[in-house]
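The values are calculated or read from the model by the stated rules, or taken from the named source; none is laboratory data. For clarity, every value in this text was computed on a predicted model and none was experimentally measured. FYI the Cβ positions are ideal-geometry reconstructions off the backbone, even for glycines, and counts take in every protein chain you see. Each accessible area value is taken on the protein alone, full model and side chains, heavy atoms only, with ligands, DNA and RNA left out. Shrake-Rupley method; radii C 1.70, N 1.55, O 1.52, S 1.80 Å.
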2 protein chains.
Amino acid sequence: MATLTVCSFAQQNLFGGQAPKSPEVNVDNTVTFRLMAPEAQKVQITGDFLPTQKVNTSYGEYDAPGVADLTKDDKGLWTFTTKEGIKPELYLYNMIIDGVKVTDPSNVYAIRDIANTTSIFLIGGDRADLYKVNKVPHGTVSKIWYNSPTAGLTRRCTVYTPAGYETSKQKYPVLYLLHGIGGDEQAWTELGRAAQILDNLIAQGKAKPMIVVMPNGNISQEACPGETSQGFTVPTMALPKTMDGYFEQAFPDVIKFVENTYRVQKDKAHRAIAGLSMGGFHSLFISINNPDTFDYVGLFSAAVDQQQKGGLDEIYANREQKIDNLFAKHPKLFWIGIGKSDFLYKNNAELRHYLDSKNFKYEYLETEGGHIWRNWRIYLSEFVPKLFK
Amino acid sequence: MATLTVCSFAQQNLFGGQAPKSPEVNVDNTVTFRLMAPEAQKVQITGDFLPTQKVNTSYGEYDAPGVADLTKDDKGLWTFTTKEGIKPELYLYNMIIDGVKVTDPSNVYAIRDIANTTSIFLIGGDRADLYKVNKVPHGTVSKIWYNSPTAGLTRRCTVYTPAGYETSKQKYPVLYLLHGIGGDEQAWTELGRAAQILDNLIAQGKAKPMIVVMPNGNISQEACPGETSQGFTVPTMALPKTMDGYFEQAFPDVIKFVENTYRVQKDKAHRAIAGLSMGGFHSLFISINNPDTFDYVGLFSAAVDQQQKGGLDEIYANREQKIDNLFAKHPKLFWIGIGKSDFLYKNNAELRHYLDSKNFKYEYLETEGGHIWRNWRIYLSEFVPKLFK
């Protein structure tokens, strides 16, 4: 092994070196973070496991993640341990080294959300066990490109096919799962842990084996940043044509592609659509404009009151009439989930008020917290077991 | 858009903030790096585009990537611009903030190599255009799990199917493409840009449409770090059972899975195997132990002289006799690529000397540089056009 040891030595030192363990989840579920930085003046951590702090902005007050100081020992090792054990969850955090927010150099696990990359860790137990990779059969996750003649583009899509798909002759139902503004076709499998949630719920017998199709909801994009001919661009939320009707108009191209490509059940009873924030908005308008297409609709912290802004009038016109029409066809499930402190809470309450006034049947889940991925993972794991039963 | 603007504000500030553009490729292909860090005392950059520096170790001298200082302006913005334009290539780098090596916080594009994460950028042109996502038809990249009875594990594999695979009725040839020590089933698509290289070569008519199967060569692992029930472990090169014969012994499980799952041509003329470093070692021993299986063998900076260390004797025994046997069956291509300063150069020269002494026909490419991904991308893009012709 002499030659490969030299190789490993070179590789290890190429950009790395010895690193302290960070994060370390202790037996009491407190978590210790470490950074070796003898020359740094100040090291802090910010993350969604720390108590939030109120921040006032011109848009109003909101809860920002807290910040904590690490302390330095005489060897230059900085350390912070949470005061209490942390509840089961997937957590996001960054280190702040002399004022610069970075990912934890000891932790190779990181996720991009729009233009920010955060380190992650997962504390298992309770619902968070659904977010873990467990010793269960695993579905396949594919990045596949489809032609969208309506959009005039070839577009990238993430597709989850359940364990056994390749060898069975069976046809499967399909959940179309849409991301929020600034997101893309990777959001649900990265931040949303969708493949793990599906693997685990299916293995537990709580969900039917199904295909989950996660398209890119930004109709001007071919694919997520870095996966198009535009190269390694800086991700932005300021994309054109996100909520102007064109994504909804082009959605039949996605369905056509899926139904021509995978072994799927091609009827209303075996199609579901759900999305978070902008994706909930998309799900609402795609379903009410195509009332014979989906028997299951899920609105996760949905931007339900958005109006079109100079795009395709016909997609957003006559919302109430279209909702009435959808419910006249008796969808098997119309599901709404929202956090109590979500800035879209009031809009969702107005939608519920309208549904109540018409005696339309829907299911509703209200959770703590706001417009955050923690809630969207909860909603997905609550929604999926209700499908195709 | 008022509500979503608040949302975006909150999301943007959750872990981020304003960031300067970094890296920026200038018109003359010089590259500027920037970091806003008013409180930092020293900011440096290290990367494989900087002149290397000699480092002496107990293993001997090797070339380490250079380090350069950024300079600070009166607003706290640190900047470094390369002195000269940089040649087309995919480059890796890190920032060093007050002595701590981190990814560039302005750059969301990063790749993990074993336990180190580096920021990346790509300068197009020449061969590096093959590494870019171009406006060409794109293949599908899937993470799929297969059963390996020989290993007693369900294992994860990356599979590239060429554009058109889903809609054609055609059967395809298969390239099995293996990673090096410390790598995993993600290495070739991440650091190796294998999907882009295949997309581009196929679109240019230079390579036949083919399936590329990239298994995990660490037979004790189910999958790469973070994708198993062991959770978010720290990646290590010190894995058990990497070069002891068990991966080679279990390899028929991979072939069986592929040939039962995909539309493939199931004969020697339509199977190729290649790998880098440890993967080249695996490719050599898998091919010579199964001389009727592959018509194409590629050794990229291969660890060709490794001997088994207490594993399966029969895999590594009688190497020369098995090589003779392989060549007696007239493989269509036996291809060797190595860098002039690779620490495995001498071992490869010895192998070539043996092949020459027997008058066995092989192709050979010698490049500048050593045991680095830059070379493995070159070798893949040279090897693939020679397959299945």
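Quick notes
- Scanning region B:141-158 for residues that are in a strand (DSSP E or B) and farther than 19 Å from B:Leu177 by Cβ returns B:Asn147, B:Leu153, B:Thr154.
- Only one of the numbered conditions (1) modelled with pLDDT of 95 or more; (2) within 11 Å of chain B (Cβ to nearest Cβ) is not met by A:Ser148, and that is (2).
To keep it simple, each residue is scored yes or no on (1) modelled with pLDDT under 90; (2) crowded, with 17+ Cβ neighbours inside 10 Å; (3) within 30 Å of B:Ala303 (Cα to Cα).
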site: A:Val6; (1), (2), (3): yes, yes, yes
site: A:Leu14; (1), (2), (3): yes, yes, yes
site: A:Asn26; (1), (2), (3): no, no, no
site: A:Thr30; (1), (2), (3): no, no, no
site: A:Gln44; (1), (2), (3): no, yes, no
site: A:Gly47; (1), (2), (3): no, yes, no
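- Tabulated pairs, region A:282-303, first away from every other protein chain (no Cβ under 14 Å), second among the aromatic types (Phe, Trp, Tyr), C-beta under 6 angstrom, 6+ apart or interchain: A:Ile286/A:Phe251; A:Ser287/A:Phe294; A:Val297/A:Phe334; A:Gly298/A:Trp335; A:Gly298/A:Phe383
- The lone exception for B:Lys322 - which of (1) of a type outside the set (A, V, I, L, M); (2) closer than 30 Å to B:Tyr91 by Cα; (3) over 23 Å from the mean Cα position of the chain (by Cα) it fails: (2)
- Scope region B:71-95; condition within 12 Å of chain A (Cβ to nearest Cβ) and outside any strand (DSSP E or B); matching residues: B:Gly76
- Being open to solvent by less than 10 Å² (accessible area, probe 1.4 Å), in the same structural domain as B:Asp184 (by TED's automatic domain parsing), among the hydrophobic types (A, V, I, L, M, F, W, C) and farther than 24 Å from B:Thr150 by Cβ is a property that B:Leu284 lacks.
- The one condition in (1) open to solvent by 40 Å² or more (accessible area, probe 1.4 Å); (2) of a type in the set (A, V, I, L, M); (3) within 30 Å of A:Met95 (Cα to Cα) that A:Ala163 fails to fulfil: (3)
- Qualifying residue in region A:317-329 (condition: open to solvent by less than 60 Å² (accessible area, probe 1.4 Å), within 14 Å of chain B (Cβ to nearest Cβ), in a helix (DSSP H, G or I) and modelled with pLDDT of 95 or more): no
- Filtered by the rule that a residue be within 7 Å of chain A (Cβ to nearest Cβ) and of a type outside the set (Val, Ile, Thr), region B:96-107 gives B:Asp98, B:Gly99, B:Lys101, B:Pro105.
- Contact annotation: residue pairs with Cβ atoms under 6 Å, 6 or more positions apart or on different chains, pairing a residue in region A:344-366 that is part of a helix (DSSP H, G or I) with a partner that is of a type in the set (Val, Ile, Thr) and at pLDDT 95 or above, are A:Tyr345/A:Ile338; A:Asn348/A:Ile338.
- Looking at B:Ala2, B:Ala64, B:Ala10, just one residue is open to solvent by 40 Å² or more (accessible area, probe 1.4 Å), within 11 Å of chain A (Cβ to nearest Cβ) and at pLDDT below 95, and that residue is B:Ala2.
- Entry remark, region A:196-220: residues being closer than 30 Å to B:Ser106 by Cα, of a type outside the set (A, V, I, L, M, F, W, C) and under 18 Å from the mean Cα position of the chain (by Cα) number 5 in total.
- Some residue of region B:161-184 being assigned to a loop (DSSP other than H, G, I, E, B), of a type outside the set (Gly, Ala, Ser) and in contact with a Cys (Cβ under 7 Å, 6 or more places away or on another chain): yes
- Residues in region B:93-107 that are open to solvent by less than 20 Å² (accessible area, probe 1.4 Å) and touching a helix residue (DSSP H, G or I) at 6+ places or on another chain (Cβ under 9 Å) were compared, and the one that is farthest from A:Ile97 (Cα to Cα) is B:Tyr93.
- Among the residues of region B:108-140, those identified as modelled with pLDDT of 95 or more, open to solvent by less than 30 Å² (accessible area, probe 1.4 Å), facing chain A (nearest Cβ under 7 Å) and in a strand (DSSP E or B) are B:Thr118, B:Phe121, B:Thr140.
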